[in-house]
Every structure is written in structure tokens, then in C-alpha cells.
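Heads up, the thing below is written out as C-alpha cells.
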Amino acid sequence: MFYSQLSLKRDITTVKKQHLNLILMLFFVGVIFPFYAQNISSTEIINNKELPNYLTESARAELGINGDISKEVLASYLREKFSERYFFNWKNKDKRFLEYKRLYASAEKSHVENAKDHMEKFPDVAQWKLPFNYKNGEPVNAYALRHLARQHKMVDIAYLYHYKNKDTTYLNYFKNQLQSLNAALAVNKYEVIQDGNGVFESFRSGYRVLNWLQIHNLFLGDAAYTDDDQLTTIATLLQHGAHLYEHNTKFHAGNHQTRGLSALAMLSILLRDFEGANVWYNHAMKLLEEHLSKEINDDGFQFERTVHYHMSDIGNYYYVYQLAKTSNLKVNSYWKDRLKSLFETLTKIAYPDKTAPVLSDDTDNPWGEKNDISGALTLGYLLFDSPKMGYFANNKVDSRMYWFVNEKQLTMLNNIQSKSPTMKSVEFPDTGYYIMREGWKEKDKMMIISSGLDANKPDHQHGDMLGVQAMANGKVILPNYQVRYSLKDLELFKNSLTKNVALVDHELIGKEYTSNKGGSGFGKFLNLPKPTTIVWQKNKDLDVFIGSHDGFGNIGVGYHRQVLYLKDDFWVVKDNFTSDKSHVYKQVWQGHYSLEEGASLIRSSFDDASGLDIFQMNKVDTVVNSGQRGKQWSIVSKSGLSNFSFITILYPYSGYSNRIDEDSKKTKVKGWMLNASDVVIKGDHAYSLSKSNKVLLFGVKSVKWNDIEIQFSEISDMFIKTSNTEVTIQSLTNKYVKVVLKTNKMKKAISLKPGEAALLKM
């Protein structure tokens, strides 16, 4: 009896412990690894008959069916949900496609070309693991496989389906290619992430989800796209969502994860009838918010410092924000503010013609010298109803975004509210871009200076540290060029010979170039110089930028660049080199230049008789013109010195008679006289530029001018402006300088830090 009771107590205790362990295990799994989100497999496609088993209780309740749910009922239910939740209502797609054809008549040609290109290269039952060949027998490379995986030309095939009166050839091609990926998944015959070309890598998978969702909605409602077909697509998208969730558990910097998380969030909104989609949504939104926090700098620029990736991120966040708004889902206000800042940044970097400069890895139009930002800002206008964005907006969205805006938004474009910008010179101190701007008239001047390096992922940055770009008279006078990863000239166009920079000997700014693991053509520099912005000052007379970088430290050369904008006349760029040994110092200027006065004056001229004169104050030795791919650049050099400064006037002129007169004995630039006789200066290779009551000084120790005498403790660069009662002195050098001002009536001593201005009463 005693034994039996003891045994019973022991058994009860054991059971209690087992129950406790089970409860703890379930709690741990549920909290740390929310397993219910992964009931949807990341490695298998759910059979259409089993899809109803994955519906939420609320979806089942809405269907009002207690027993089995047929494929027909489920497909009909999901079609209705897509009509409510997607960017456009598929029930109106035929009418909307007619409007698309009217608005974008020229797009048909590219859609047809892209569709045929894809179909001629790849069979509908495609292979997804290298090596394999195109249909013509030639080998498929990694770059092509990545584009197959993105499925972006499959969208063109969906268009072709509609252009060809719903010829099912194109619909069947899509269905078969989707099924071929599912078949490859089942037998593990697809490229994996570890090899660098993963078919399910976040960026490619996310891009594919975006495209397949659009295609799905373009086919919905058509008899040839059967209930089974629709459910197969949805089951495939669910597998993609599970994979994206499973492989993006933690934050990873860069646009690849952002694209994947954007797709995961879209799936979670559109397919929230399935168990676990709510977990996907919360997870994706949390990580996307972390990307917004860490990858959108406080100044509003995307951290990779390119227009291309900046606008790509706009798309990533736009898709999610738009769908969430459509479904009345709560989105953190931080999202709205950060997303809006991305659009506002584009307005700040815009050229006067409403385009934007080329910043590092911009890839939309190889060798192009500008970026079209109107499409992105049209979306910004539609999202935020901002007249400031409306100034840049078009009366129609980009053709590729037509299906991602709703009917109400399209009607807003019939009467765009527009307000001209008032901002002039602006800065992005976190990202390291500084913009000197005259205004927003068609022929106004603008220059952008690059002085930043992302600490975490500078993969997309070019060898253009402290480089400049400029527009004047409606022309890009100092260009940078867009690139394409698959082109053999990528390294050339990514490095310093195709930038407006200063160089030393045979050194380039970008060092240790390497291609990526997957072999797609993309390459990056493992060694880029660290910049320091020393001065950024703006006032009504001039803008001042002074910066340095350590890119020539390996050969014992110190370097800093000064950029001065004399409003609203021209720029002066001063490149300063110091060393213990002699070197060949260089400036590189992009453009097609003729030699007007040897190396001291080179000129580019445009079709409207406007042009750019580049004039050297200091004596230089040679200029060599070179180029590739129809682009040209000039390299100005000075040899045999250990210390040297280029002092270079960049003068955009309009009309032949307004150029720098190469035949004149006295150099005059927009009313500024070089070394005028009434400006008496002493120093080391000292120069002055004077106009009315203003004078710009380089390399001076003292100056006598307009009944005043000023002495400096160091060889200095200064800007001075006088009136009857006061004098303004601004330091343009990178050191602290003591200044003594003398007149017949007074003597004053002050100290100026770099860039500082002082107003002295006389």
C-alpha cells in the first residue's frame, strides 16, 4: 500500500514536470521562434486542395463555411480580396489597359522587345541552376540568371498578352515558368544564396514577388487563368513569403534586404487571410523601420549615396505604405516622416532643369549625365499632396508605376498644384553632399560637391572624393556618368579619370577594385579615402567649401580642396598639395575641351554658343585630352614641385562675346579683374580677383586696397568687402589666422578660424 502510494506520487510528479517542460518549451518556441508563421513551408509549395487549411479563423468565418472549402470558393474569395487590397482593382483592368495604351503609346515597342527577348532566350520550362544554355545554345552567365530570377521581363510578357488580344500563349508561358521554379525547388536544382546568385536571395525573390503580384492581377478574371492557376500562384507566393521571413530574421544593411522585406510586407497585407501573415507583417514592418532609421540619414539621403538606390528605396517603402493605406492598416508616423524626407531630398539635389546629377552607382542610363527624378516626385506628390513636389511632377506617372497608383490618385494629375522652390544652396552633412545654387531659372548655375563615405557599405561609391559636378545655361558643364554593372568599362567609369577631381602621379582615388562573388559584373573599391569637411559656409556674397581626404597619404602627399562660389558669377576651385618630395599634380575635368591658351585656358562649347572656360591662375605645365565611349576629359598637370596649388576659375558663359578673352592682356572674368593694379598684395604666388568693393585673395601675407591695409599671420586666402563705414573679412583658408586691419584712423586685430567672417567698423 505504501509502495503504491509512493509510486503514484512519483508518477504524478513526473507528469507535472513533463507538462511544465512542455509548457516552457511551447512558450520558448512561441516567443523566440513564432512557429505558427512557419506552418507555411519555405521549401515546399502547398497543394491547392490544402490551401484552405492555412486560412485564419476570421477568413473562415467570413466565408461562412464550416466544412470543406472548395478551390472554386477559395479562388473567388481571394479574387475579391485582391480587388479591394491591391494597387488597382483587377475588375477594371481591361478599361485601364486601354487608357494605358493611350497614355503610353510608345511603351508598346519596348514591352514587345523585352517580352520577345525573354522568350527567345529562355524556354517556358526554365532551368534555375548554372550551368545551362540559352535556347540558341550559348551559355547563360550569372548576370542573365539574376535577371531571369527577378522576372522583370515577365511583366512585359503579361503586357504582350493584353496587346495581343489575350493570346494565351503568353499566359501559359508565365504559368509554366512559375511551375518550373516550383519543380526546381522540389528537387533542389536552383542557385542558392551561398553561391552568390541565389534565386531566393532577398533582392531577387523580392523583385520577383513584386512582379508576379502585378502579373497575377493583370490576369485575374480571365477564363484562361483558372482557379487552379490562381491558387498555384498564391501558394507559390506564400512559399516565397515563408522563405523571406525565415532568411531575414535580423537586420542586414543594404537595399537587398529592403527589397525582400518590402515584398514580405506586401504579401502579408494582400494575403492576410492566411495564418502567420500577421507575424510576417509585424516582422517586416519592424525591420523596415530599422532600415529607415539606420539607412536614411538624418539629412534625408539614403545611405548608399546614389540617386538610383535612393529612388529604389523610395519604391520599396512606397509599395508598402500605399498598400497599408489602402487597407487602412496603422503605420507608424515615423514611416511617413522618413518616407517624405526621401522625396524632399530629391527636390533639394535637383538641377534647374528638374533633373538630378549622377551620384556614384546610378545605373538606369549608362553614360548618361543626368537622372530623371520626375517620376519619383510625381509619386511623392500623389502620396503627400505637396505643391513643392508638384513643381517636379508630370501629368502622368511613369509607365512602370501606372499600375501601382489608384484611380483617385490618377485624377489628381489632371490639376497638379505646383509651387516653385525657394531654396538655394543646401547641404547634406550626414551624407556628405554640398550644393551651391544660383536659383531655379532655366539658365541658373548649380554645383554639387561630394565629400562623404558611408562607414558600413561604400560598395556603390566611386573614386570621386571631393569631386564636383555642375550645370549652367541649361547644360551639364562638368558631368559625371551613369554606369552599368555588366559593361566592361565599369571600373573606368567608376574611378577618377571620369570624374572632376584632383590626382597625384599615377594614383587614382579608388583603390583595390574587386568584382563580386556571383560574377554579375558588379565591382567595388575596397579602399576609398576618408574625407573631412573643414568648412561649409553660405552668405549673400559667396559659398565656401573646404575639404580634405587622405587618398594620397600612401605616397606622402597631403591634399585639400577649396571650392568658392562668387554669387552669381562663377566658381574658383583651389587644389592644394603638400609633400616632402616632388610629384606630378593633376586636375581632371570632364568635357570636350580645346586649348585656347595652352594649359592655362581650356574651353568647352555647346550648341547654343554657351560654354565653360577653365582658367588657371598659377602656371601649369601641360594638358592632355583623353576619352572613351564618346566621353572626353582633360588632365591638367604640374610637375617637379613638392608643394603646389592649382587656382582654377570655372566660368560658365553664354554667348561668344562673354567668354574669357584669350587675346586680352588683362584677364577679366564677369567683371572681376585679375591682379588689378589698385590691389597691392604680397605673398607666395599671390593673386587677387577684384570687382567694385569686393576682392578675393590667394596666397597673400598682406594687402593694401581702398585706403586699408591688412596683414595676416599666415599665407592666406581671404575674401574682403568694404563700405564707407565697415569692412568684412572672411577666411578662406584651412588654418586659424591672425588678422591686423589698419586705416588712417584705427588699428584692429582679430583671429579667424577657417571659413569665419568678421565685420569690422571703421
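How many Å³ per residue does the convex hull of the Cα positions in the stretch 108-259 occupy?
For the stretch 108-259, the hull spanned by Cα atoms encloses 114 Å³ per residue.
Ignoring ligands, DNA and RNA, how do LYS408, LYS761 rank by accessible area with a 1.4 Å probe, largest first?
The most accessible residue leads, giving LYS408, LYS761.
Using only the Cα atoms of the stretch 373-455, what are the Rg and Dmax in Å?
Final numbers for Rg and Dmax: 15.6, 44 Å.
Specify the angular offset, from 0 to 90 degrees and rounded to the nearest 10, of the alpha carbon long axis of helix 93-103 from the longest principal axis of the alpha carbons in the chain.
Relative to the chain, helix 93-103 is tipped by roughly 20 degrees.
Tilt of helix 152-163 relative to the longest C-alpha principal axis of the chain, in degrees (0 to 90, nearest 10)?
Orientation of helix 152-163: about 70 degrees from the principal axis.
Starting from the coordinates of the alpha-carbon atoms of the stretch 514-594, obtain the Kirkwood hydrodynamic radius over all distinct pairs and give the value in Å to one decimal.
Final number for the Kirkwood radius of the stretch 514-594 is 15.8 Å.
Taking 7 Å along the Cα-to-C-beta vector as the label spot, tell me the ASP580-ASP385 distance in nanometres, rounded to one decimal.
Spacing of the two 7 Å Cα→Cβ label points: 6.8 nm.
Quickly work out the GLU597-to-TYR134 label distance, labels modelled 7 Å from Cα along the C-beta direction, and quote it in nm with one decimal.
5.5
When the accessible area of the chain is split by element with a 1.4 Å probe, what percent falls to carbon and sulfur? Intermediate values should be presented prior to the final figure.
Numbers: 15840 of 32430 Å².
Carbon-and-sulfur percentage of accessible area, whole number: 49.
Order the peptides 362-368, 252-258, 668-674 from the highest to the lowest mean number of other Cβ atoms within 10 Å of their residues.
Per-residue mean Cβ counts within 10 Å order the peptides as 252-258, 362-368, 668-674.
Write down the accessible area per residue of the chain in Å², having rolled a 1.4 Å probe over the full set of protein chains.
43
Spelling out what I want: for every residue of the stretch 371-388, take phi, set θ = phi - 60°, compute 6.51 cos²θ - 1.76 cosθ + 1.60 (Karplus), and round to whole Hz; glycine and proline get x.
Ordered by residue, 3J(HN,Hα) equals 10, 7, 10, 5, x, 5, 6, 5, 4, x, 4, 5, 6, 10, 6, 9, x, 5 Hz.
Which semi-axes, in whole Å and largest first, does the equivalent ellipsoid of the stretch 458-513 have when worked out from the alpha carbon gyration tensor as the square roots of 5 times its eigenvalues?
Those come to 20, 15, 9 Å.
Can you tell me, using C-alpha contacts under 8 Å and at least 6 residues apart, the relative contact order of the stretch 573-612 as a whole percent?
Once normalised by length, the contact order is 22 percent.
When Lys and Arg each count +1 and Asp and Glu each count -1, what net charge do the other residues less than 12 Å away from HIS308, Cβ to Cβ, add up to?
Working: positive: ARG305, ARG484; negative: GLU304, ASP313, ASP361, ASP362, ASP364, ASP372.
So the environment of HIS308 carries a net charge of -4.
Would you work out which of THR168, GLN711, SER664 lies farthest towards the positive end of the dipole of the chain, given +1 charges on the beta-carbon of Lys and Arg and -1 on that of Asp and Glu, about the Cα centre?
Projecting each Cα onto the dipole axis, the largest value belongs to GLN711.
Sketch the reach of a paramagnetic label on ASN724 as a point 7 Å from Cα along Cα-to-Cβ, and name the residues of the stretch 742-759 whose backbone nitrogen lies under 18 Å away.
Hits in the stretch 742-759 for ASN724 at 18 Å: 744-745.
Kindly list the residues of the stretch 163-203 that lie in the label zone of SER41, defined by a backbone N under 15 Å from the point 7 Å along the Cα-to-C-beta vector.
Only 182-189 pass the distance filter.
Give me the percent of Cα-Cα pairs in the chain that sit more than 44 Å apart, rounded to a whole number.
So the portion of pairs separated by more than 44 Å is 38 percent.
Could you please state, rounded to a whole Å, how far the C-alpha centre of the stretch 553-613 is from the C-alpha centre of the stretch 103-181?
Using only Cα atoms to place each centre, the spacing works out to 48 Å.
Taking the stretch 547-622, how much of its Cα-Cα pair set, in percent, is spaced more than 16 angstrom apart?
On the way: 1754 of 2850 pairs.
Cα-Cα pairs of the stretch 547-622 separated by over 16 Å account for 62 percent.
Arrange the peptides 530-543, 205-218 so that the one whose residues have, on average, the most other Cβ atoms within 10 Å appears first.
Peptide ranking by packing, descending: 205-218, 530-543.
What accessible surface, in Å², does a 1.4 Å probe find on MET617, ignoring ligands, DNA and RNA and rounding to the nearest 10?
20
Could you compute the FRET efficiency for ARG79 and LYS101, with r as their C-beta to C-beta distance and R0 at 22 Å, rounded to 0.05?
E between ARG79 and LYS101, to the nearest 0.05, is 0.35.
Please compute the Cα-Cα pair-distance distribution of the stretch 224-335 with 5 Å bins starting at 0, giving whole percents from short to long.
The distribution over the stretch 224-335 is 2, 12, 22, 22, 18, 12, 6, 3, 2, 0, 0, given as percents.
Return, for the Cα atoms of the stretch 653-752, the radius of gyration and Dmax in Å, separated by a comma.
Cα only, the stretch 653-752: 14.7, 47 Å (Rg, Dmax).
Quick one: divide the alpha-carbon radius of gyration of the stretch 262-418 by 2.2 N^0.38 Å and tell me what you get.
1.05
Using Cα positions and a limit of under 17 Å, work out the aspartates and glutamates in reach of LYS745, with same-chain residues fewer than 8 apart set aside.
Excluding near neighbours in sequence, the set is ASP707, GLU709, GLU726.
Per the Kirkwood formula on distinct C-alpha pairs, the Rh of the stretch 444-584 is how many angstrom?
Evaluated on the stretch 444-584, it is 16.3 Å.
If you take every residue apart from LEU410 with its C-beta less than 10 Å away from the C-beta of LEU410, what net charge results, scoring Lys and Arg +1 and Asp and Glu -1?
After counting each charged neighbour, the total is +1.
Grab the beta carbon distance between LYS71 and SER418, set R0 = 45 Å, and tell me the FRET efficiency rounded to 0.05.
0.35
Report the charge-dipole magnitude of the chain in Debye, nearest 20, computed about the Cα centre from +1 at each Lys and Arg Cβ and -1 at each Asp and Glu Cβ.
That gives the chain a dipole magnitude of about 1460 debye.
Over all Cα pairs of the stretch 420-466, how is the pair count split among 10 Å bins, expressed in % and running from 0 up to the last occupied bin?
Once binned at 10 Å, the Cα pair distances of the stretch 420-466 give 24, 43, 25, 8.
Could you work out the helix-only [θ] at 222 nm for the chain, with each DSSP H run of four or more residues adding -39,500 (n - 2.57) and the total divided by the number of residues, to the nearest 500 deg cm²/dmol?
-11000 deg cm²/dmol
The stretch 248-311: percent of C-alpha pairs farther apart than 14 Å?
Of the Cα pairs, 57 percent sit more than 14 Å apart.
From Cα pairs below 8 angstrom and at least 6 apart in sequence, can you work out the relative contact order of the stretch 170-275, rounded to a whole percent?
For the stretch 170-275, the relative contact order is 32 percent.
Can you give me the P(r) profile for the stretch 101-145? Cα pairs, bins 5 angstrom wide beginning at 0, each as a whole percent.
All Cα pairs, binned at 5 Å, distribute as 5, 20, 24, 18, 11, 9, 8, 5, 1 percent.
When only C-alpha pairs under 8 Å and at least 6 residues apart count, what is the relative contact order of the chain, in percent? Walk me through the intermediate numbers first.
Values: 1468 pairs, mean separation 55.0, N = 762.
Once normalised by length, the contact order is 7 percent.
Assuming 0.890 mPa s and 25 °C, estimate D for the stretch 720-762 with Stokes-Einstein, Rh taken as the Kirkwood radius over Cα pairs, in µm²/s. Numbers along the way, then the final one.
Details: Rh = 10.7 Å.
Translational D for this selection: 229 µm²/s.
Using only alpha carbons, build the gyration tensor for the stretch 590-741 and give me the equivalent ellipsoid semi-axes, biggest first, whole Å.
The three semi-axes for the stretch 590-741 are 32, 19, 12 Å.
Could you give me D for the stretch 32-168, from Stokes-Einstein at 4 °C and 1.567 mPa s, where the hydrodynamic radius is the Kirkwood radius over C-alpha pairs? Units µm² s⁻¹, please.
Numbers: Rh = 18.8 Å.
D = 69 µm²/s.
I'd like the Kirkwood hydrodynamic radius of the stretch 195-283, using the inverse of the mean 1/r over distinct C-alpha pairs, in Å.
13.4
The values are calculated or read from the model by the stated rules, or taken from the named source; none is laboratory data. Being a predicted model, the structure only gives us computed values, none of them experimental. Note that each Cβ is placed from the backbone with ideal geometry, even for glycine, and that neighbours are counted across all protein chains shown. Accessible surface is based on the protein model in full, side chains and every heavy atom, while ligands, DNA and RNA are left aside. Shrake-Rupley method; radii C 1.70, N 1.55, O 1.52, S 1.80 Å.
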